[in-house]
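Accompanying notes for the structure given below.
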Amino acid sequence: MHRRIGKRNRERVERATVRLVERGGHGVLVPGGFILTATHCIDWSGTGGMVLGDVYPTGIETASGVKFRVGVYACDPVADIAVLGELENQECSDDADAFQGWCEQVEPVALCTSDIETGQPCPVFVYTHKHEWIAGSVTRFGALVQSSVALCAEDIESGTSGSPVVTGDGLLLGIVSNTSSHPAGASCGGMPVPYMSLPHWVLARTGLRLHE
C-alpha cells in the first residue's frame with residue numbers, strides 16, 4: 001500500500017492533465033486518445049441534437065500552455081463523468097492536428113481496474129487546480145455507480161472538478177466530482193470510477209479486456 005506517489009508518476013500525471021478553458025475544471029488524458037473529466041465541467045445537450053450531429057467544442061489548455069479544442073464523445077450526468085476526444089468536424093482540422101500532436105508527446109494515464117473493497121478506505125492522491133498534490137482516501141459503500149464511492153481529502157477547493165485521483169502506482173482510480181466540507185476538517189464527496197462507469201466501447205479503446 002503506497003503512502004506517497006513517486007516523482008515519475010507525479011510528473012506523468014501532471015503532463016497529462018489539462019485545464020478546461022470555458023467552464024473551469026480539469027481533465028486527464030487516458031489510453032485510446034480520450035480525455036476524462038466531470039460532466040458538469042463541459043457544455044453538452046441531452047435533448048437529441050448531439051446524435052444528429054450537433055457539436056460542442058470544448059477548449060482546453062495543456063500543461064505546456066498550448067490551447068486547442070476537443071469534442072464531446074460521451075457524457076453521464078448521473079455518475080458525472082465525460083469523455084472528450086479529437087474534433088472530427090472538417091472545419092476544425094487545426095484543432096484535430098493539435099490534439100493528435102499533443103497525444104503523441106504525452107504519456108496517457110492508465111486506468112486502475114483493481115476492485116475497491118467495500119468499507120475499506122483506499123489511499124489516493126489528488127492533483128489539484130493549484131498544481132499541488134494532496135493525499136486522501138476513497139471508500140466504497142455499495143454497488144451504485146453514482147453514489148457508491150466517496151473521496152475524502154484535505155482542502156479540495158472549487159476548481160478541482162475533473163482533476164485526476166490516482167493510486168500510489170500512478171493509475172487513474174477516479175476524477176474529482178463534488179465535495180463539501182466535513183466536520184472533521186476534510187473535504188468529502190462523490191467520485192466516479194472510470195472502469196465502473198465508462199461505456200464499454202470507451203473501455204475497449206483504452207485497451208482494457210472486458211468480460212464477455
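See the values below:
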| read-out | value |
| --- | --- |
| Top-ranked residue in the range 79-95 [being of a type in the set (A, V, I, L, M) and at pLDDT below 95; ranked as farthest from Ser197 (Cα to Cα)] | Leu87 |
| Residue that is surrounded by the most Cβ atoms within 10 Å (Cβ to Cβ) [pool: residues in the range 13-34 that are modelled with pLDDT under 95 and among the charged types (D, E, K, R)] | Arg23 |
| Selection count, the range 51-71, where residues are touching a helix residue (DSSP H, G or I) at 6+ places or on another chain (Cβ under 7 Å) and either outside the structural domain of His40 (by TED's automatic domain parsing) or in a strand (DSSP E or B) (or both) | 3 |
| For Thr47: the one exception among (1) modelled with pLDDT of 95 or more; (2) in a loop (DSSP other than H, G, I, E, B); (3) over 26 Å from Leu151 (Cα atoms) | (1) |
| Test: residue in the range 132-140 that is assigned to a loop (DSSP other than H, G, I, E, B), at pLDDT 90 or above and not assigned by TED's automatic domain parsing to the domain that holds Val72 | yes |
| Test for Lys7: is it among the basic types (Lys, Arg) and free of Cβ contacts under 8 Å to residues at least 12 places away in the same chain | yes |
| Test for Tyr127: is it aromatic (Phe, Trp, Tyr), buried (at least 17 other Cβ atoms within 10 Å of the Cβ), over 30 Å from Ala186 (Cβ atoms) and in contact (Cβ under 8 Å) with a residue 40 or more places away in the chain | no |
| Breaking point among (1) of a type outside the set (A, V, I, L, M); (2) under 24 Å from Trp102 (Cα atoms); (3) free of Cβ contacts under 8 Å to residues at least 40 places away in the same chain; (4) in contact with a Ser or Thr (Cβ under 8 Å, 6 or more places away or on another chain), for Gly32 | (3) |
| Counted residues, the range 44-79 - those being closer than 20 Å to Met191 by Cα and either of a type in the set (Asp, Glu) or free of Cβ contacts under 8 Å to residues at least 24 places away in the same chain (or both) | 1 |
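For every residue, the table says whether it meets (1) on the phi < 0 side of the Ramachandran plot; (2) surrounded by 19 or more Cβ atoms within 10 Å (Cβ to Cβ); (3) charged (D, E, K, R).
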site: Ala74; (1), (2), (3): yes, no, no
site: Val78; (1), (2), (3): yes, no, no
site: Ile81; (1), (2), (3): yes, yes, no
site: Glu88; (1), (2), (3): yes, no, yes
site: Phe99; (1), (2), (3): yes, yes, no
site: Glu107; (1), (2), (3): yes, no, yes
site: Gly119; (1), (2), (3): no, no, no
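The values are calculated or read from the model by the stated rules, or taken from the named source; none is laboratory data. These numbers were taken from a predicted model, which means no experiment stands behind them. Here the Cβ is made from the backbone with ideal geometry for all residues, glycine too, and neighbour counts use every protein chain on show.
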